[in-house]
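Undergrad: There's a structure below that I have some questions on.
The values are calculated or read from the model by the stated rules, or taken from the named source; none is laboratory data. Because the structure is a prediction, the values reported are computed rather than measured. Cβ: placed from backbone, ideal geometry, glycine included. Neighbour counts: every protein chain shown. To get the accessible areas, we keep the full protein, side chains included, count just its heavy atoms, and leave off ligands, DNA and RNA. Shrake-Rupley method; radii C 1.70, N 1.55, O 1.52, S 1.80 Å.
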Amino acid sequence: MRRLLFLEPGHFHAALTLRVPHPSLADEIVVYASEGPELTDFLALVARFNQRTEAPTRWRPVVVTSGDSLPRLVDERRGDIAVLAGKNGGKARTIRRLHESGFHVLADKPWLVEHEDLSPIRASLATWPLVTEIMTGRHDIATRLLQRLVD
């Protein structure tokens, strides 16, 4: 059973990965984050998924607050899939650090903010473990057709 680890979930895209349960994922998730409104919003959205009347989830967040969450997540290794959705600056280097540490990485876009981000992204995508984006809606056929019409 795989366990999801969330690193500083500063954008609702992180919580959207929890809309639907998956039989290969543990109900317990571990959230490494600084205290503040972003963490509060993330936990509130997870709670709403758990409390909805139709198809509720059973996520059990374990929160680890730390001033520097990335080293703690890597050192503790309480799961094997890291979800990264938040601030964009430095995302490519964070993805690379997680990948080098043996974590699969699910990250929202954008990965490339500056030219220097290209090298760590190429290295992370070149080998196992898996690194992929979670913004899959843009690959949906209806979305692609709509974009073509707009263009």
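Undergrad: Do you know which of the residues in segment 107-135 that are open to solvent by 30 Å² or more (accessible area, probe 1.4 Å) and of a type in the set (Ser, Thr, Tyr) is modelled with the lowest pLDDT?
TA: Of everything passing the filter in segment 107-135, 132 is modelled with the lowest pLDDT.
The rows are residues; the columns are (1) part of a loop (DSSP other than H, G, I, E, B); (2) in contact with an Asp or Glu (Cβ under 9 Å, 6 or more places away or on another chain); (3) surrounded by fewer than 14 Cβ atoms within 10 Å (Cβ to Cβ).
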position: 29; (1), (2), (3): no, no, no
position: 32; (1), (2), (3): no, yes, no
position: 35; (1), (2), (3): yes, no, yes
position: 50; (1), (2), (3): no, no, no
position: 55; (1), (2), (3): yes, no, yes
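Undergrad: Shifting gears a bit: Return the pair list, or none, for Cβ contacts closer than 7 Å from residues in segment 56-73 that are in contact (Cβ under 8 Å) with a residue 60 or more places away in the chain to residues that are open to solvent by less than 80 Å² (accessible area, probe 1.4 Å) and part of a helix (DSSP H, G or I), at least 6 apart or on different chains.
TA: 70/94
Undergrad: Those residues that are assigned to a helix (DSSP H, G or I) and either among the hydroxyl-bearing types (Ser, Thr, Tyr) or open to solvent by 60 Å² or more (accessible area, probe 1.4 Å) (or both), I need them from segment 58-95; list them, please.
TA: 69, 72, 75, 76, 93, 94
Undergrad: A follow-up question, please. Out of the residues in segment 1-27 meeting the condition of being hydrophobic (A, V, I, L, M, F, W, C), under 21 Å from residue 56 (Cβ atoms) and touching a Lys or Arg at 6+ places or on another chain (Cβ under 8 Å), tell me which one is least open to solvent (accessible area, probe 1.4 Å).
TA: Of everything passing the filter in segment 1-27, 26 is least open to solvent (accessible area, probe 1.4 Å).
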